[in-house]
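The values are calculated or read from the model by the stated rules, or taken from the named source; none is laboratory data. Since the model is a prediction, treat every value here as computed from it, not as a measurement. Note that we place each Cβ from the backbone using ideal geometry, even for glycine, and neighbour counts take in every protein chain shown. Calculation scope for accessible area: heavy atoms of the full protein, side chains included, ligands and nucleic acids excluded. Shrake-Rupley method; radii C 1.70, N 1.55, O 1.52, S 1.80 Å.
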There are 2 protein chains.
Amino acid sequence: MAKNKQLEDLFLDTLKDIYYAEKRILKGLRKLSGGAQSDELRDAFESHRDETQTHIERLERIFEMLERAARGKTCDAILGILEEGDEILEEFEGSDALDAGLVASAQAVEHYEMARYGSLRTWALELGMTEAADLLGQTLEEEKKADALLTELAEKNANRKAA
Amino acid sequence: MAKNKQLEDLFLDTLKDIYYAEKRILKGLRKLSGGAQSDELRDAFESHRDETQTHIERLERIFEMLERAARGKTCDAILGILEEGDEILEEFEGSDALDAGLVASAQAVEHYEMARYGSLRTWALELGMTEAADLLGQTLEEEKKADALLTELAEKNANRKAA
């Protein structure tokens with residue numbers, strides 16, 4: 001069981017990392033949404049904010065399963081990713097390319113989450129935490145869908161401009 | 001053409017971001033590779049380092065097409081992501097969960113690149129830069145493959161331990 005103990009540490013560590021990240025993302029999405037020029041993009045950000053709230057609650061259930069207090073751990077990665085989103089908001093304010101930049105920022109966020117939830121789900125299975133793996137898998141699928149929707153919006157936007 | 005000028009700025013900005021990131025990743029992969037416990041994982045990191053060198057050269061060709069000097073721009077996102085990889089290396093040194101953590105770190109890197117190359121490719125097409133779009137698409141596919149290989153290694157590792 002020593003091996004599993006070490007993997008459990010890694011799992012808990014990463015759980016704290018993504019818990020912190022999700023809470024930051026909740027605020028970040030509000031900023032992105034406030035900056036969006038098209039209604040469609042604003043709606044996409046808003047509905048993903050609701051999903052993010054659910055993702056946070058799922059993480060809290062997993063902390064409970066582990067009998068641990070839900071606590072975040074500073075996640076430098078998400079801070080850097082969101083910082084780049086802020087730069088786009090500032091540098092491209094009033095620009096016709098702003099929405100394209102905001103979509104890209106949000107996709108960088110989604111991809112970070114996909115990476116983390118993918119790893120967490122694999123480890124939960126390895127640790128025999130089937131219910132946690134199921135919750136993590138649900139969130140993973142929602143992040144993938146959110147990313148695919150953003151790609152769709154980006155391509156639609158590009159085609160509209162080319163027309 | 002004013003609209004395209006703005007998108008061109010965003011494209012160039014993001015090109016500089018990923019150019020900086022790739023150069024950092026080259027160093028980061030050396031560290032991950034040095035820390036890897038299994039030969040299989042070390043080989044995966046090494047062969048992705050060679051690919052990364054090619055990705056850098058492709059970016060330099062695109063800078064040439066734009067008649068711009070190849071120059072990076074500090075990318076806070078990749079610095080944060082690599083910083084988390086360093087923490088894993090320190091915290092899990094000698095632990096049986098180290099390789100699992102290193103795979104996760106590398107997948108966070110891959111996902112960041114996928115997000116950026118996906119956006120860049122869409123914008124290159126929108127800007128009518130077909131050759132650049134093609135180069136970016138090739139790199140995007142290689143990043144996806146590298147990520148899929150890491151998922152495979154993570155699952156194999158998990159199954160081996162469960163057996």
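What does the helix-only formula give at 222 nm for the protein assembly as shown: each DSSP H stretch with n ≥ 4 adding -39500 (n - 2.57), the total divided by the residues, and the result rounded to the nearest 500 deg cm²/dmol?
Details: 10 runs with 278 residues, N = 326.
Computed ellipticity for the protein assembly as shown at 222 nm equals -30500 deg cm²/dmol.
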Checklist line | P(r) of the stretch B:67-163 over all Cα-Cα pairs, binned every 5 Å from zero, in whole percent | finding: 2, 12, 16, 18, 18, 12, 9, 6, 4, 2, 0, 0
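Under unit Cβ charges (Lys, Arg +1; Asp, Glu -1), what dipole magnitude, rounded to 20 debye, does the protein assembly as shown have relative to its Cα centre?
Numbers: 44 positive and 72 negative charges, 19 e Å.
Result for the protein assembly as shown is approximately 80 debye, rounded to the nearest 20.
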Margin query: So if the hydrodynamic radius of the protein assembly as shown is defined as the Kirkwood radius over C-alpha pairs, what does Stokes-Einstein give as its diffusion coefficient at 20 °C and 1.002 mPa s, in µm² per second?
Written below: 107
Margin query: If you take the accessible area of B alone plus A alone and subtract the pair, what total do you get in square angstrom, rounded to 100, with a 1.4 Å probe?
Written below: 3300
Next item on the list: Set the Förster radius R0 to 41 Å, insert the Cβ-Cβ distance between A:Q37 and B:A70 as r into 1/(1 + (r/R0)^6), and round the FRET efficiency to 0.05.
Entry: 0.85
Next item on the list: Within the stretch A:67-101, list the trypsin sites (Lys or Arg not before Pro) lying in a DSSP loop whose Cβ has at most 12 other Cβ atoms in a 10 Å radius.
Entry: A:R68, A:R71
Next item on the list: Pop out the carbon and sulfur fraction of the accessible area of the protein assembly as shown as a percent, whole number, probe 1.4 Å.
Entry: 46
Next item on the list: Please determine, in degrees from 0 to 90 and to the nearest 10, the orientation of helix A:2-35 with respect to the longest principal axis defined by the Cα atoms of chain A, where the helix direction is its Cα long axis.
Entry: 20
Check: Which residue fluctuates the most in chain A, going by a Gaussian network model with Cα springs under 10 Å, if the choices are A:A124, A:A97, A:A146?
Finding: A:A97
Check: Placing a label point 7 Å from Cα toward Cβ, how far apart in nm is A:K73 from its equivalents in the other copies, listed shortest first to one decimal?
Finding: 3.3
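Could you provide, to the nearest whole Å², the per residue accessible area of the stretch B:7-162 with probe 1.4 Å? List each step's numbers first, then the result.
Values: 6660 Å² over 156 residues.
Per residue, the stretch B:7-162 has 43 Å² of solvent-accessible surface.
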Notebook entry, point to check: Of A:S33, A:T14, A:F92, which is farthest along the charge dipole of chain A in the positive direction, counting Lys and Arg as +1 and Asp and Glu as -1 at C-beta?
Noted result: A:T14
Margin query: Compute a Gaussian network model of chain B, connecting alpha carbons closer than 10 Å, and tell me which residue from B:L82, B:L29, B:L12 fluctuates the most.
Written below: B:L12
Note to self: If every alpha-carbon in chain A counts as one equal scatterer, what log10 I(q)/I(0) does Debye give at q = 0.12, 0.13, 0.19 1/Å?
What the structure shows: -0.54, -0.62, -1.13
Next item on the list: Mind pulling the angle between the C-alpha long axis of helix A:130-162 and the longest principal axis of chain A? Nearest 10 degrees, somewhere in 0 to 90.
Entry: 10
Item checked: Label spacing, shortest first and in nm, from A:E93 to its equivalents in the remaining copies (7 angstrom along Cα→Cβ) -> 4.5
Item checked: Partner chain coverage, peptide A:87-98 - average Cβ within 10 angstrom -> 4
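Longer than 19 Å from Cα to Cα, which of A:K73/B:K16; A:K31/A:K156; A:K145/B:K144; A:K5/B:K27; A:K23/A:K73; A:K156/B:K145 are they? Say none if no pair is. Write down the numbers at each step before the final one.
Values: A:K73/B:K16 30 Å; A:K31/A:K156 23 Å; A:K145/B:K144 17 Å; A:K5/B:K27 31 Å; A:K23/A:K73 11 Å; A:K156/B:K145 26 Å.
Long pairs (Cα-Cα over 19 Å): A:K73/B:K16; A:K31/A:K156; A:K5/B:K27; A:K156/B:K145.
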